[in-house]
Amino acid sequence: MNDIEKYEFDRLGYLVIPNMLTDKQVKNLSAAIDAAEEDALAQMDRPPDKISAYGLEYRHNPEKGYYVNGAKGEGNTLLIDEFFNMDPAFDILVDHAPTMAYIGAIVQERSTINNSEMRIRYPGNQTSSHCGGPVGLKLRYNYNARGINCMMVRMVYFVHDVGPGQGEFCVVPATHKSNMASPYEGSDPDKEPGMIGLPVKAGDAILFTENLRHGGFTNRSNQTRKTLHIGYGPFWMKSQNHSTMDEEPYVLPSTFARWNDAQRLLFRAHRTLLDNRGND
C-alpha cells in the first residue's frame, strides 16, 4: 500500500484496487464459483441444520465443509460460508501476496482470516445499508502513532464486470469516521443520501473497513452478480461468518493439510497450532 492509497483509505474508508487478480485466476475462480453455486443449491430442499445468532437458516454440507443460506431467483441472494473447503481453486486467495500487503498496512496486530463468504446476488436483489458511525470494538477504525489500525476489514474480489445498474457495491464515503449513526430511516441503499456505487472490472477488488457504511445497490440487470468476500482482523478475533459467529473457523482437516504453515496460521489464533490436524 503506497502513501496515496493509505491517504485515500484513511480519508474514504475504502479502496478500489484494479487488476488484483490475473486473467487466469479470474477464469479459475469463476468456474469454481459456478460449481459451488450448483452444489449449494442442491442443499436447499432439506430442513436447515443450523440457525445463526441472527436468525438465518443454514444448511451444512459436512463433506465439503460449507454452510449455505438463501435461495435462487428474483430478488434473492445465496450466501456460502467457508468456501475455502469446497475447492482447491480458492487456495490462491489464502496468503495471497498482493492482498496481504494491503492487510499488513492497516491491521497492526497479527492478522487472521475471520470471514470467507461467497455472495451470489440474483437479478432484483439488494443488500441493505449497514454500519457506519459508532459500531463497537469489532468493527472499529482507528489511527494511532503507528498509523491506520483497523479491526475488521474485508477484501471483495470480482470475477466479472459490475457497472451501473448491475448491483454495484456501494458506500457512504468517510462514514467510518462519523461520531453519529445514520439518521435516515430505513436501510434502502438506493434511497440513502450520500450512497455511491463503485463500478469494477473482472479481476478488481474492493478493500474497505467494516466500520464504513455500505451495502449493495439493487441489481436491475439480467446478470447474476458473484463475488468472493474475505475478512481479516486481529488474531484474537474468531469467525465472523454468520453461520459460525464467534466460533473457531470451520476448516476441514483435508483443507488444512493442503496448506503451508503461513496459510494455516491465517486460520489459527495461536502459533502453537501450526499442525495438520484441522478441526479434528
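Worth pointing out:
- Test result for Ser187, open to solvent by 30 Å² or more (accessible area, probe 1.4 Å) and in a loop (DSSP other than H, G, I, E, B): yes
- Within region 39-54, tally of residues that are open to solvent by less than 50 Å² (accessible area, probe 1.4 Å), within 16 Å of Thr77 (Cα to Cα) and either touching a strand residue (DSSP E or B) at 6+ places or on another chain (Cβ under 6 Å) or in a loop (DSSP other than H, G, I, E, B) (or both): 3
- Contact map, region 19-48: residues that are farther than 11 Å from Val68 by Cβ paired with residues that are part of a helix (DSSP H, G or I) and among the small types (Gly, Ala, Ser), Cβ distance under 8 Å, separation 6+ or inter-chain. Pairs shown: Asn28/Ala89; Leu29/Ala89; Ala31/Ala89; Ala32/Ala89.
- Picking from residues in region 96-151 that are free of Cβ contacts under 8 Å to residues at least 40 places away in the same chain and within 15 Å of the chain's Cα centre (by Cα), the one that is surrounded by the fewest Cβ atoms within 10 Å (Cβ to Cβ) is Met100.
- All conditions in (1) at pLDDT 95 or above; (2) out of contact with any strand residue (DSSP E or B) (no Cβ under 6 Å at 6 or more places or on another chain) hold for Gly136, with the sole exception of (1).
- Checking Arg264, Arg268 one by one, the residue that is part of a loop (DSSP other than H, G, I, E, B), surrounded by 15 or more Cβ atoms within 10 Å (Cβ to Cβ), over 17 Å from the mean Cα position of the chain (by Cα) and at pLDDT below 95 is Arg268 and no other.
- Residue that is nearest to Met20 (Cα to Cα), among those in region 116-160 that are polar (S, T, N, Q) and part of a strand (DSSP E or B): Ser116
- Matching residues, region 11-30, being farther than 28 Å from Asn211 by Cβ and part of a helix (DSSP H, G or I): Asp23, Lys24, Gln25, Val26, Lys27, Asn28, Ser30
- When we screen Ile4, Ile33 for residues that are β-branched (Val, Ile, Thr), under 18 Å from the mean Cα position of the chain (by Cα) and part of a helix (DSSP H, G or I), the only hit is Ile33.
- Selection of region 61-95 for residues being polar (S, T, N, Q), under 16 Å from the mean Cα position of the chain (by Cα) and either surrounded by fewer than 20 Cβ atoms within 10 Å (Cβ to Cβ) or within 23 Å of Lys138 (Cβ to Cβ) (or both) yields Asn69, Thr77.
The values are calculated or read from the model by the stated rules, or taken from the named source; none is laboratory data. Quantities reported herein were computed from a predicted structural model and do not represent experimental measurements. Here Cβ is always computed from backbone atoms with ideal geometry, including for glycine, and neighbour counts include all displayed protein chains. Remember, those area values only see protein heavy atoms, side chains included, never the ligands or the DNA or RNA. Shrake-Rupley method; radii C 1.70, N 1.55, O 1.52, S 1.80 Å.
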